[in-house]
Every structure is written in structure tokens, then in C-alpha cells.
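K.L.:
Take this structure, written in C-alpha cells, and hold onto it; I'll ask about it next.
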Amino acid sequence: MNINRDRLLARLDELGRVGTSHGPGRTRLALTEEDRVGRDLVATWMREAGAQVYIDSIGNIHGVLRGAEDGPPVMTGSHIDTVNRAGALDGCYGVVAGVEVIAAIHNAGVLPDKTMVVTAFTNEEGVRYAPDLLGSRVMTKDIGVAEALQLTSTDGEHCGEELRRIGYAGDYTPWDFLPGVFVELHIEQGPVLDTRHIPIGVVEGVQGYSWWKISVSGRANHAGTAPMSMRLDAGAAAMQLANRLTERSVVNQSPSVATVGTFSVEPGAINVVPGKATFTVDFRDPSDEGLEQAEVALRRSVDKLKDAGFTTTMECISRNSAVTFSDEICKEVAEVAAERSLPILRMVSGASHDAQMLARVCPTAMIFVPSRGGISHNPEEFTEPDDLVNGAEVLLGTISRLIMRRTSTQ
Ligand code: HGY
Ligand code: MN
Ligand code: MN
């Protein structure tokens, strides 16, 4: 059994061309028209591969290849929703390669002992709807279906209505697809494998993260007449706070990172002192203690603004502790890579993934391939075709081991 190299690469290109009319790269935010077009493509490919397709009540798309036995399936998968102006591989690679694995097994006429599922999870990125990892959170009961369907997007749209509008408000119960094992294939999105020229990452865990939405309210005023001593400039106060957060991470020399990815002021006019500023903070840290220290420092800084006369709000919109994956499944991945004479590096993921949620309910691991220059969440995101095929082959080898019942001698 082998991966169909040409079809894998052609489909990544085809999916990568969906949502390219909004400027550089592609933008397929969750539950938008562009997301629907991508979803339709993937559902068609799953059927062509021989899988039966089921849509669950949070819009996860499950491609199922039935095995001989009942019992929890072996699952792979990822996401096809993107950030704004994204690359073509983040998430999509794991889904399209997972479909290729189903096709390889089905075309080989192999009846697996265990059922295999490839899943495209809803709203992994969390750009339009918070929290992120929405489809896998619902499947692992981290958030209820009703609560998830009530979410309102950054552009004011109701999650349940958007799912209905794009035709992906499914009838199936998400946790009916809960797997016994989960393996996610993904690009690294960082510089480690690329700089060390290692083709396969065996991912042993994911760092923790928390997302915050902060608002600072002062007093709008005239940019020409208001003396600096009389101003309550919400924009200036928020910018100073934001700078302190990123400086703190640099000064600490720790692996923790901080990002202010969105920042807006009101009323937003060239000659008006901002009366309000709203921005988000994304903290990541391999240790939960480091994450908590960053959050305490943030709260302290926000409280200081209150002392200076501003009013503030501070809301946590997503948070996930660091997770450790299954050493047993990591060993399987490492052995499969060794069978293919592919050097590996055991590592922790800097980016979050649906695997982070699945790890709470079943043995889980991830497989990484290099990202050129460590660039991601950027149209320049790129992975060499040979690396993409190697990763898909390692996924095929790993899944093939997991869906066949082992004789005790093996
Ligand atoms: O934010 C992340 O780490 C992922 O790309 N959703
Ligand atoms: Mn991703
Ligand atoms: Mn991403």
C-alpha cells in the first residue's frame, strides 16, 4: 500500500485555491462560504476514497471506513478552516493525507479489523468563533453542543445558523465517533525540523496557551486642544501595556511567547484621542507555571490602568494546559519512520491542534513534517513535496499498524 503522491499534491493545491479572492494567501474562516466550498471538496474526496461520510451536530465531517469488528475506531484528521491570509497546508495537509490513507487501504482490498475514520474538525483556528478547537472540544465533551451552537462570531453571526446556512448542521452525535486512538499529521509551523534537516517530527505533546480579550476605556478628546496632562488616552495606555507583554517574554529569555494579534481603537479618527482600545493577547508556554505567571503579570498591568482612571475588562476566551501524548503511539510512529529510513526528532508542538483535545480521551500522537523557514499562518507557508509524501507514508504505516489487531507475538 502506498500514498498516491500526485493526487495528494494536486488536492492540496486545489483546496489551497479555495478562498484566495480576499488578498494574499487564502482565507477560509470557519462556517463562511469559502469554508463550505472546502468542506464540499473534502466530503467528495472522502466518498471517492471509499469512505462513508457523516456530519455531526457541530459540523465535524467524518469519513468512515468500516472494519470487521465493532468498537472505537482509529482516527486521524485535522482541520480545513484557516486564519486570515493563510498558507495552504495548515490543517489541510492532515485531512487530505488522511483521505489518502483511507484510499490506500480501501484500494488494497484490505478489510481492517478496526474501523478507521478521517475527520475534518470544525473551527480549529478559533479566528471567527472563540474558543478554538471547537469541533474536537464538543466531541470530547469539553463544551456542550448547545453552548457551542449559541456562540456568536466576531462578525456577529450565530454558530448554529451559520452551520445550517452552509449545509453542515449534521444529525450525528459527535461523541459517537470518539476514537480509541488518534494520530494527527501536521506541518510543524516552526523552524526546528527545517533548520536541522530532519524529515519527521514525532510529537510528544503540545505546550499550553491562553487567549485574552482586553478593553481599556478612557475619554475621547480633541487631538489638538487637549493638553497631554489632561488626557485619558485609551489607545496610548493599551499600546504601552501591549509592548510590556511582548518585552516581558523577550527579557525573561524563557520559551514563553506573547502575541498581540488584534488591536483596535475607537472612534478611530486621525484627530481624535482614542476613547477606547480593544486588543487580544495569545500566551503560549511549555509549562503551566510559566503560563500562569504571564497571566498574573497581565492582570497586574490591567489593574494598574484602573488606578490611573481607566476602566478595563479582561476576558479569557480560550485556554488549554500543556498535554503529553502517548509514548506507545509515539513509538509506533518512530518505528514506522525507521522502517522507511526516515530520521526523526522527538519534539513538543508550539502550535495548538485538535490532538490536544483528543489526548484527554484516548492515546494520541502527532507526526510533523518541516515548514520551510519555520513560516506559517502566512501565504509563504511551504513544505517540500517529498516531505509531504514522507509524512503521509508514515501516517499510512502508523494507521495500518493500529487498525490491524496484533497477534500476541507481535
Ligand atoms: O493557534 C494555533 O496554534 C493553531 O494554529 N490553531
Ligand atoms: Mn493547524
Ligand atoms: Mn493554524
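K.L.:
So for region 5-22 (the condition being open to solvent by 20 Å² or more (accessible area, probe 1.4 Å), modelled with pLDDT under 95 and not hydrophobic (A, V, I, L, M, F, W, C)), does at least one residue qualify?
P.N.:
Checked region 5-22: at least one residue is open to solvent by 20 Å² or more (accessible area, probe 1.4 Å), modelled with pLDDT under 95 and not hydrophobic (A, V, I, L, M, F, W, C).
K.L.:
If you don't mind, another one. Condition (residue is within 16 Å of ligand 3 (Cβ to nearest atom), of a type outside the set (V, I, T) and crowded, with 24+ Cβ neighbours inside 10 Å) applied to region 115-122: is it met by at least one residue?
P.N.:
yes
K.L.:
Separate question: Quickly run through region 265-279 and pick out the residues that are open to solvent by 60 Å² or more (accessible area, probe 1.4 Å) and either closer than 21 Å to A130 by Cβ or not in a loop (DSSP other than H, G, I, E, B) (or both).
P.N.:
Within region 265-279, E266, K276 qualify.
K.L.:
Now a separate question. Just to be sure I understand, how many residues within region 229-263 are acidic (D, E) and part of a loop (DSSP other than H, G, I, E, B)?
P.N.:
1
K.L.:
If the requirement is being modelled with pLDDT of 95 or more, crowded, with 24+ Cβ neighbours inside 10 Å and more than 22 Å from P131 (Cα to Cα), which of these qualifies: V64, V74, V53?
P.N.:
The unique qualifying residue is V74.
K.L.:
Here's a follow-up. Just the residues that are aliphatic (A, V, I, L, M), in contact with a strand residue (DSSP E or B) (Cβ under 6 Å, 6 or more places away or on another chain) and surrounded by fewer than 21 Cβ atoms within 10 Å (Cβ to Cβ), please, taken from region 306-323.
P.N.:
Once the filter is applied, which keeps residues that are aliphatic (A, V, I, L, M), in contact with a strand residue (DSSP E or B) (Cβ under 6 Å, 6 or more places away or on another chain) and surrounded by fewer than 21 Cβ atoms within 10 Å (Cβ to Cβ), region 306-323 yields M314, I317, A322.
K.L.:
Of the residues in region 56-87, how many are over 24 Å from E188 (Cβ atoms), touching a strand residue (DSSP E or B) at 6+ places or on another chain (Cβ under 6 Å) and either of a type in the set (A, V, I, L, M) or within 16 Å of ligand 3 (Cβ to nearest atom) (or both)?
P.N.:
3
K.L.:
If you don't mind, another one. Residues that are modelled with pLDDT of 95 or more and open to solvent by 50 Å² or more (accessible area, probe 1.4 Å): which helices (runs of 4 or more DSSP H) entirely in region 324-410 hold 2 or more of them?
P.N.:
By residue number, 327-339, 385-403.
K.L.:
Is at least one residue of region 27-47 over 26 Å from Y172 (Cβ atoms) and open to solvent by 10 Å² or more (accessible area, probe 1.4 Å)?
P.N.:
There is at least one residue in region 27-47 that is over 26 Å from Y172 (Cβ atoms) and open to solvent by 10 Å² or more (accessible area, probe 1.4 Å).
K.L.:
Here's a check for you: in region 132-149, which residue that is away from ligand 2 (no atom under 16 Å from the Cβ) and open to solvent by less than 10 Å² (accessible area, probe 1.4 Å) is nearest to G160 (Cα to Cα)?
P.N.:
Of everything passing the filter in region 132-149, A148 is nearest to G160 (Cα to Cα).
K.L.:
Still on this model: List pairs: first in region 75-86 and touching a residue at least 24 places away in the same chain (Cβ under 8 Å) and at positive phi, second more than 9 Å from ligand 3 (Cβ to nearest atom) and open to solvent by 10 Å² or more (accessible area, probe 1.4 Å), Cβ under 8 Å, 6+ apart or cross-chain?
P.N.:
Hits for this filter: R85/H22; R85/G23; R85/P24; R85/G25; R85/R26; R85/T27; R85/N378; R85/P379.
The values are calculated or read from the model by the stated rules, or taken from the named source; none is laboratory data. Source: prediction; values computed, not measured. Using ideal geometry, Cβ is built from the backbone for each residue, glycine included, and neighbour counts are taken over all protein chains shown. Keep in mind that these areas ignore ligands, DNA and RNA; they rest on the heavy atoms of the full protein, side chains included. Shrake-Rupley method; radii C 1.70, N 1.55, O 1.52, S 1.80 Å.
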